Amino acid sequence: MPTWNQQNTLRQAIDSVLSQTCQDFELIIVDDHSGQETRDILASYLDPRIRKFRFTENTGTTVATNHGLAQAKGEWAVYFCSDDLLLPSHLETMLSLAHSHEASCVLCAFDGVDMEGKRTKVQTWGGRKAALVPAWPRAWHPDLLAHGQKYSVLGMLIKTALWREMGGFDPAYPRNADWKLLLQLAQRGEKVHWTPRPLTLYREAHQKSNRRRISGRHPAEPETERLLAEWV
């Protein structure tokens, strides 16, 4: 879990992991040079399953995520941000799907949640309201990736060794690293399972300067064009 000055949501995100029905996990938190308030929150958690790392300068979500991936000890890794939430059955359900479908990666849908913790279907990007929850595909169709980021990596479950082999998230694509990862999985012919069942909660965008997340839905035309030219 990468985090950067998200003290308003960090505790809820951590607690959503600690509340999982599957309790066999380690939670790796990479503090991307946050302020004192975030550091105080992290210091208040003494659960030995929580491993904390702190950067001495801000590096961005992709680098922070990759650092956490490098520290992971488990067979499987899950990606999500410190302003989002895992629903209680997330780990148990995703692992069950991975085993039953013999998949090396499992992706799931999300529902929206606002800053008060209420479910929502609307979010705000740059002052403009847009539909938060898209019309999710019913199954994994790699060909759809040529037409944009059609699947969410929020809450993604993936073989740790596989993600490392692919190099983690590519810092060269800070806004489209998730889309590139899915394109890599498709190109390799990896067995990916998608469930349209929402198992995560995506936080409504807030304090844009604090929200350094990876997103193919943010406008980034030159980067998007470069990705399409190289991978599609």
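Please treat every number below as a calculation from the coordinates, not as lab data. Small disclaimer: the values here were computed from a predicted structure and weren't measured. Heads up, the Cβs are rebuilt from the backbone with ideal geometry, glycines too, and the neighbour counts pull from every protein chain shown.
Under 5 Å from the amide H of residue 76 lie the amide H atoms of 160, each residue being 5 or more positions distant or on a separate chain, with H modelled from the backbone and absent for Pro and chain starts. The distance from the alpha carbon centre of segment 142-172 to that of segment 1-33 is 20 Å, rounded to a whole number. Here the chain yields Rg over Rh of 0.93, to two decimals, using C-alpha coordinates and the Kirkwood radius. Of the cross-linked pairs 52/150; 73/180; 73/159; 150/180; 52/73; 52/118, those separated by over 22 Å at the C-alpha level are 52/150; 73/180; 52/118.
Within the chain, the longest segment free of exposed loop sites, counting trypsin sites (Lys or Arg not before Pro) that fall outside DSSP classes H, G, I, E and B and have at most 10 other Cβ atoms within 10 Å, spans 139-232. Can you tell me how segment 16-80 classifies by the Cα gyration tensor, rounded, prolate or oblate, using a/c under 1.5 as the rounded cut? The shape class here is oblate.
Projecting label points 7 angstrom from Cα along Cα→Cβ for residue 75 and residue 33 puts them 3.9 nm apart.
Counting neighbouring Cβ atoms within 10 Å and putting the fewest first, the residues 31, 111 line up as 111, 31.
Using DSSP, restrict attention to beta bridges with both residues in the chain and report what percent are antiparallel, rounded to the nearest 5.
Beta bridges within the chain, antiparallel portion: roughly 45 percent.
Note: relative contact order over the chain, using C-alpha pairs below 8 Å and six or more positions apart, is 26 percent.
If you plug the beta carbon distance of residue 119 and residue 139 into 1/(1 + (r/R0)^6) with R0 = 25 Å, you get a FRET efficiency near 0.50.
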